[in-house]
Structures are given as structure tokens and as C-alpha cells.
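Report on the following structure.
Every number here is computed from the coordinates shown, using simple stated rules; none is lab data. Values in this document were obtained by computation on a predicted structure and should not be read as measured data. Cβ atoms come from the backbone with ideal geometry, glycine included; neighbour counts cover every protein chain shown.
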Amino acid sequence: MKNKISQLIDDFHERELPEPVARDTELSEVKGKADVVIGMRRAGKTWFCFQKIIQLLAAGSKKEEILYLNFEDDRLLEFTIENFQDVLDVYYGKYPEHRNTRCYFFFDEIQCIDQWEVFIRRLLDTENVQVYLTGSSSKLLSTEIATSLRGRSLPVEIFPFSFNEFLRYHELFFDGPKTFGAKTTSVLRNAAMKYLETGGFPEVQRLSTDLRIEILQGYVNSVLLKDVIERHHVSNVTVLKYLVRHIMNSSGGKFSVNKFYNTMKSMSVKCTKNSLYEYLDHLADAFVFFRVPIHTRSEKSRLVNPAKIYAIDTGLLSAMTFRNSSDYGPLLENMVFMHLCRHGYDVEYVNTKGGYETDFFARHKHTGDVELIQVCWDLTNKKTFERELRGIKSAMEELSIRSGTIVTWDDETLIDNTIHVVPVWKWLLNQDDKH
């Protein structure tokens with residue numbers, strides 16, 4: 001194993017680093033704590049680490065002061081917790097002078113190694129290193145971390161490209177547009193439609209439609225196999241796939257385990273309600289889906305009312321479902337939800353006492369800022385628009401919130417001096433300016 005580790009270290013130090021598109025997320029370095037980069041597979045965690053490595057080199061660090069290992073490399077298939085000491089022995093054997101130097105260790109997809117947290121704790125306590133970890137599991141920060149590491153990690157979530165990052169990748173606006181004239185508006189509107197359909201996974205950005213769909217479907221299959229079926233020893237694969245397909249086809253809808261269980265029962269497909277709850281947890285843990293609960297102070301009410309479920313990426317939704325151009329409303333709602341997640345909001349949906357619904361009650365985790373947001377594709381359907389307007393007005397009144405936002409595809413106006421109707425391509429950029 002030492003020979004393989006030595007080869008991997010030499011390979012990294014010899015090869016040229018790629019030049020990733022700059023992500024808007026930043027790492028918070030604190031001595032004695034590990035930066036943990038989490039997110040769905042293929043969302044860009046590794047390239048985000050390369051971005052950090054490039055920044056370290058630009059700041060004067062030597063490449064030999066940086067160690068990078070990817071634990072999904074097939075040469076490390078036999079790697080166990082005992083081999084972590086081999087990593088230190090080999091690295092410091094090559095560079096003994098670095099014992100007295102601040103070094104930077106990057107361990108990619110570390111969740112592949114059982115009991116990795118025991119070694120990381122020792123590394124933080126005994127060596128002069130800043131540690132960066134990545135993993136395709138939110139449990140890197142919760143139940144799978146031994147008690148000894150809690151409080152020793154700083155989480156950073158990496159999502160597929162935001163709209164700003166999407167524009168930067170396609171070399172449209174590197175610093176965001178300064179004005180919104182006819183030409184700029186046309187470019188943004190066109191880019192927003194491509195972003196809606198393509199999504200933000202970096203690898204598929206410049207591919208043909210057929211190839212993009214094939215690769216995105218492969219992402220889902222890979223997550224199901226590696227992060228759910230193998231990781232959690234799921235045996236009822238048929239039900240798991242039915243569950244994923246159902247949620248993909250009803251993104252943004254309320255999901256009831258009881259109803260889905262009865263549907264499976266009517267199809268003579270065997271499963272238990274407990275297993276369905278577990279599968280939902282596994283899929284959320286792997287960042288495929290996000291659950292949005294009802295806004296309430298009552299824990300009982302939260303348990304009784306079904307959560308709404310959104311997918312991590314609209315491109316993934318497009319690849320996994322059939323939809324026509326008149327059915328873009330759910331994609332738009334999903335895109336708005338994910339943007340709120342990226343910017344640090346805890347999100348709930350609102351059902352008022354009068355029975356009216358508002359899509360998002362969003363409270364920022366750090367600032368405490370609250371936003372009420374309704375999503376409506378356009379204002380031309382009078383009946384639909386009146387329903388959406390009634391919903392947000394009712395929520396504003398009941399929750400004593402002075403203003404609200406209706407995000408549309410292309411409409412812009414101000415209603416009653418309190419409700420801003422904003423096209424999504426402008427709203428996404430304005431949100432980026434706030435944070």
C-alpha cells in the first residue's frame with residue numbers, strides 16, 4: 001500500500017492542475033478544525049478543492065506542502081484505517097522538512113473509508129496541518145461522525161452551478177450585468193432558459209441534449225448504487241427506483257408516505273412504510289432530494305402535514321422526466337428553491353388558516369432575514385395569478401410580513417407597493433448581490 005500511496009503523491013505533485021470556474025462558495029479555515037466539503041456526486045467538490053489548492057499556490061505555498069488523495073481511486077480499494085499511518089509515513093518520508101511547516105491535506109470522498117474520523121482527530125491534534133475533506137454524504141457532519149470529532153469540523157455545501165456561476169462558465173458575465181438594457185435582457189433570458197433545462201452540473205454544460213440526458217441519468221444511477229443501495233444495504237431496489245421516479249415526476253409536490261405505500265400495494269409491490277421513510281432519508285442524505293416542511297410552531301402539525309420535495313437540479317429533473325414546454329412551472333419553482341438553499345436559507349411552505357398556500361417562507365440562517373416567495377410562470381392566466389396573489393397576501397397578513405415576492409419567468413411589476421413581481425433571471429442575480 002505504501003508504494004501505491006507514494007505513486008499517488010508523486011502523480012499529484014507532477015501533474016498540472018485544471019483551471020476550474022471560480023465558485024462563489026468559500027472555505028473558512030480555523031486551526032484545529034477540518035473543512036468538510038459535502039454535496040452530491042459530480043456537483044464539483046473535487047474541482048472546488050483544486051480551486052483552493054490554486055489559491056494556496058498563488059499565496060506562496062509550495063505544491064510539495066500540499067497532499068491530495070482521492071479515496072475513490074481504484075488503486076486505494078484495499079485502503080483501511082490502518083493505512084492512514086502509511087500516508088503520514090510516506091509523505092513525511094519524502095518531505096521530512098515539512099514537519100516544521102504548515103501543510104495542507106486534501107482527502108477526497110473520505111466516507112469510503114470506515115472509521116476515517118478517528119484518524120482525522122489524531123491528525124488535527126498531532127500534526128501542523130490544515131485538513132480539507134470531501135464526501136457525498138451529509139452524514140459526514142452528523143450520525144456517522146464519532147463523538148470525538150463533533151465540533152472539530154466546518155461544513156461547506158457545494159451545489160451544482162448557481163445562475164451566476166453558470167453565466168461565468170459560459171463566459172457571458174464574469175462579474176454580473178451592471179445594466180438591464182434590451183441586449184442584456186435578451187442574453188439573460190436566453191441563458192436562464194438554458195440553465196432551467198440544462199441545470200448546473202459542470203460536466204454536462206457543453207454537451208448535446210442526448211448525451212447530457214444520458215450522463216445525468218447515470219449520475220442518479222450512480223448515487224442510488226453507491227450512496228444508497230451499497231452504503232445502506234438496500235435490498236428492495238424496485239421500490240427505491242419507483243420512489244425516485246415518482247418524486248422526480250412530482251417535484252415541488254407534497255409527498256405522503258401513506259399514499260405512496262398504498263400505490264405500491266395496489267401494484268402488488270411489497271414494501272413497508274418504515275423502509276420508505278428510510279429510503280427518503282438516504283436520498284436526502286445523498287443530496288438527491290430536499291424536504292420542505294410546513295411552516296408551523298407545532299411539532300405535531302409538522303409531523304402530520306406532508307413535506308414538499310425538491311430535486312437538487314432542474315437539469316436532473318429534465319433528464320429523468322418527460323415534460324412539454326407548457327409545463328415549466330415546477331422547474332421554475334425548483335430552481336427558486338435551490339437558489340434559496342445555496343444562499344443559506346432554511347425553507348418552509350405556508351398554509352394559512354384560510355387554506356391559502358405560499359411556496360416559500362425563507363429565513364436566513366445567519367442574518368435572520370425573512371422572505372415570502374411565490375412562484376408563478378406568468379401572469380397571463382388570470383385564475384392562476386389570482387390564486388397565487390391571494391396566497392401570498394394571506395401569508396403576509398397572517399405572519400405580519402410587510403413585503404413579498406412573486407418570481408415569474410418574464411413579468412415584472414409592483415403590486416400594492418408591497419409585492420414585487422420579478423422575472424427569475426433578474427431575481428437570481430439580485431439574490432447573489434445580497435450575499
Exercise for review: Could you size up the charge dipole of the stretch 343-395 around its Cα centre, putting +1 on the beta carbon of Lys and Arg and -1 on that of Asp and Glu, and report it in debye to the nearest 20?
Suggested key: 240
Check your understanding: Using r as the Cβ-Cβ distance of Ala284 and Ser61, and R0 as 30 Å, what FRET efficiency do you calculate, to the nearest 0.05?
Key -> 0.25
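Any idea what the dipole of the stretch 323-435 comes to, in debye rounded to 20, about its Cα centre with Lys/Arg Cβ at +1 and Asp/Glu Cβ at -1?
Details: 13 positive and 19 negative charges, 30 e Å.
In debye, rounded to 20, the stretch 323-435 gives about 140.
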Check your understanding: Of the trypsin sites (Lys or Arg not before Pro) in the stretch 269-352, which ones lie in a loop per DSSP and count no more than 15 other C-beta atoms within 10 Å?
Key -> Lys270, Arg297, Arg323
Revision key, fill the gap. Length gained if Arg102 through Arg363 is fully extended, taking 0.36 nm per residue and subtracting the Cα-Cα distance, is 90.1 nm
Point to revise | Rg over Rh, two decimals, the stretch 160-225 (C-alpha only, Kirkwood Rh) | key: 1.07
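Kindly provide the GluC sites (Glu not before Pro) of the stretch 370-435 that DSSP labels as loop, not H, G, I, E or B, and whose Cβ sees at most 14 other Cβ atoms within 10 Å. Intermediate values should be presented prior to the final figure.
Details: sites: Glu371, Glu386, Glu388, Glu397, Glu398, Glu412; in loops: Glu412.
Of the GluC sites (Glu not before Pro), the ones in loops of the stretch 370-435 whose Cβ has at most 14 other Cβ atoms within 10 Å are Glu412.
Are there any trypsin sites (Lys or Arg not before Pro) in the stretch 39-144 that are in a DSSP loop and have at most 13 other Cβ atoms within 10 Å? List them by number.
On the way: sites: Arg41, Arg42, Lys45, Lys52, Lys62, Lys63, Arg75, Lys94, Arg99, Arg102, Arg121, Arg122, Lys139; in loops: Arg41, Arg42, Lys62, Arg102.
Sites meeting the loop and neighbour criteria: Lys62, Arg102.
Provide the three semi-axes, in whole Å and in decreasing order, of the ellipsoid equivalent to the stretch 82-146 as defined by the square roots of 5 times the Cα gyration tensor eigenvalues. Please report the intermediate quantities before stating the final value.
On the way: eigenvalues 107, 27, 22 Å².
The equivalent ellipsoid of the stretch 82-146 has semi-axes of 23, 12, 10 Å.
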Review point. Along the charge dipole of the chain, Cβ charges K/R +1 and D/E -1, which of Met396, Cys341, Cys376 sits furthest on the positive end?
Key: Met396
Practice item. Would you kindly derive the ³J(HN,Hα) couplings of the stretch 366-381 from the backbone phi angles with the Karplus curve 6.51 cos²θ - 1.76 cosθ + 1.60 (θ = phi - 60°), listing them in order in whole Hz, with x for Gly and Pro? Key: 9, 8, x, 4, 10, 10, 9, 9, 10, 10, 9, 4, 8, 9, 6, 7
Check your understanding: Once the other residues with Cβ under 13 Å from the Cβ of Glu203 are scored (Lys, Arg +1; Asp, Glu -1), what is the net sum?
Key -> +3
Point to revise | Set of lysines with alpha-carbon distance to Lys265 below 23 Å, sequence-local pairs under 8 removed | key: Lys241, Lys254, Lys273, Lys308
Practice item. May I ask you to evaluate 6.51 cos²θ - 1.76 cosθ + 1.60, the Karplus curve with θ = phi - 60°, for each residue of the stretch 71-80 and list the ³J(HN,Hα) values in order in whole Hz, giving x for glycine and proline? Key: 7, 9, 5, 5, 6, 10, 4, 8, 5, 10
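Among Phe174, Phe159, Phe71, Phe180, what is the fewest-to-most ranking by other Cβ atoms within 10 Å? All intermediate terms of the calculation are to be shown ahead of the outcome.
Numbers: Phe174 9, Phe159 21, Phe71 17, Phe180 14.
Final ranking by Cβ density, sparse to dense: Phe174, Phe180, Phe71, Phe159.
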Point to revise | FRET efficiency estimate (nearest 0.05) - Cβ-Cβ, Glu82 to Ser208, R0 45 angstrom | key: 0.45
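Return an integer: the convex hull volume of the alpha-carbon atoms of the stretch 323-435, in Å³ per residue.
Numbers: hull volume 12.3 nm³, N = 113.
Enclosed volume per residue, from the Cα hull, is 109 Å³.
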**Study point:** Net dipole in debye of the chain [+1 Lys, Arg Cβ; -1 Asp, Glu Cβ; about Cα centre; nearest 20]
**Key:** 1240
Review point. What is the spread of the Cα atoms of the chain along each of their three principal axes, largest first, in whole Å?
Key: 72, 57, 44
Revision key, fill the gap. So the number of lysine pairs in the stretch 2-158 with alpha-carbon atoms under 15 angstrom apart, 8 or more residues apart or on different chains, is 6
Point to revise | Fully extended contour minus Cα-Cα distance, from Ile215 to Asp73, at 0.36 nm per residue | key: 49.1 nm
Point to revise | Proximal charge balance of Tyr104 [Cβ under 12 Å; K/R count +1, D/E count -1] | key: -1
**Study point:** R0 of 22 Å, Cβ-Cβ distance Val370-Leu172: FRET efficiency to nearest 0.05
**Key:** 0.10
Review point. Once label points are set 7 Å from the Cα along Cα→Cβ at both Lys183 and Lys265, what is their separation, rounded to one decimal in nm?
Key: 6.4
Revision key, fill the gap. Given Cβ charges of +1 for Lys and Arg and -1 for Asp and Glu, the option among Ile81, Leu316, Ser256 whose Cα lies farthest towards the positive end of the dipole of the chain is Ser256
Practice item. With label points built 7 Å along Cα→Cβ from the Cα atoms of His233 and Asn381, find their separation and express it in nm. Key: 4.8
Check your understanding: What list of ³J(HN,Hα) values in whole Hz, one per residue of the stretch 306-319 in order, does the Karplus curve 6.51 cos²θ - 1.76 cosθ + 1.60 (θ = phi - 60°) give from phi, with Gly and Pro shown as x?
Key -> x, 7, 8, 10, 10, 8, 6, 7, 5, x, 5, 4, 4, 6
Review point. Once all Cα-Cα distances of the stretch 143-265 are split into 5 Å bins that start at 0, what whole-number percent is in each one?
Key: 2, 8, 12, 13, 14, 14, 13, 11, 7, 4, 2, 0
Practice item. At 10 °C and 1.306 mPa s, grab the translational diffusion coefficient of the stretch 193-310 from Stokes-Einstein with a Kirkwood Rh over Cα pairs, rounded to a whole number in µm² per second. Key: 100
**Study point:** Around Phe180: net Lys/Arg minus Asp/Glu count, Cβ-Cβ under 12 Å
**Key:** +3
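Assuming 0.36 nm per residue, please report the length gained on full extension of the stretch Glu14 to Asp410 beyond their Cα-Cα distance.
On the way: separation 396, 0.36 × 396 = 142.56 nm, distance 4.96 nm.
Gain in length upon complete extension: 137.6 nm.
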Exercise for review: Determine by what factor the alpha-carbon radius of gyration of the stretch 2-158 differs from 2.2 N^0.38 Å, reporting the quotient.
Suggested key: 0.97
Point to revise | Sorted by Cβ density within 10 Å, fewest first, the residues Thr408, Thr418 | key: Thr418, Thr408
Review point. Looking at Phe361, Pro423, Thr296, which one has the Cα that reaches farthest to the positive end of the dipole of the chain (charges on Cβ: Lys, Arg +1; Asp, Glu -1)?
Key: Thr296
**Study point:** GNM top mover of Leu69, Leu88, Leu389 - the chain, alpha-carbon springs below 10 Å
**Key:** Leu88
Practice item. Using amide H atoms built 1.01 Å from N in the peptide plane, name the residues 5+ places from Tyr68, or on other chains, whose amide H lies under 5 Å from its own. Key: Phe106
